[in-house]
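Each value in this text was obtained by applying a stated rule to the coordinates, not by laboratory testing. Computed from a predicted structure; not experimentally measured.
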């Protein structure tokens, strides 16, 4: 009797499945190729740093200089990032202020503006009271016409 684990799995498969896999692989390769043409910087491999050979005199000094340069570059990048965040924050505040239109100026101007608006509102109310009588009659006429139809 043959053991199950000694039997190898058959490599037979449907042709439709086989060609489907081939088609998918070709499609994937086309997409990758197109992406490489469109964005070559994403697929560019960085050259490996060869390092500092042991035979070089003052190896420790060179390594420490490299570490300091790397730290300075990181600090500069961090500083630029913070400045950009600050600039964006200021721009956002300016936009909000512009939307709110906070240009009141003096308190006296604000008070005068409020009085002027109050007077305009009172005038409008008196005008609507005079027109209110007309609207009642016109509503009455409308309902009469409505009943006819």
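Residue 145 to residue 21: extension gain in nm, 0.36 nm per residue of separation minus the Cα-Cα distance? Write down the numbers at each step before the final one.
Working: separation 124, 0.36 × 124 = 44.64 nm, distance 7.78 nm.
In short, 36.9 nm is gained.
For the chain, the longest principal axis of the alpha carbon atoms and the long axis of helix 59-100 meet at an angle near 20°.
Over the Cα atoms of the chain, what is the Rg over Rh ratio if Rh follows Kirkwood? The partial results should precede the final answer.
On the way: Rg = 40.6 Å, Rh = 28.1 Å.
We get a ratio of 1.44 for the chain.
Coordinate range of the alpha-carbon atoms in segment 27-76 per principal axis, descending: 54, 30, 12 Å.
Between the helical axis of 15-38 and the longest alpha-carbon principal axis of the chain there is an angle of about 70 degrees.
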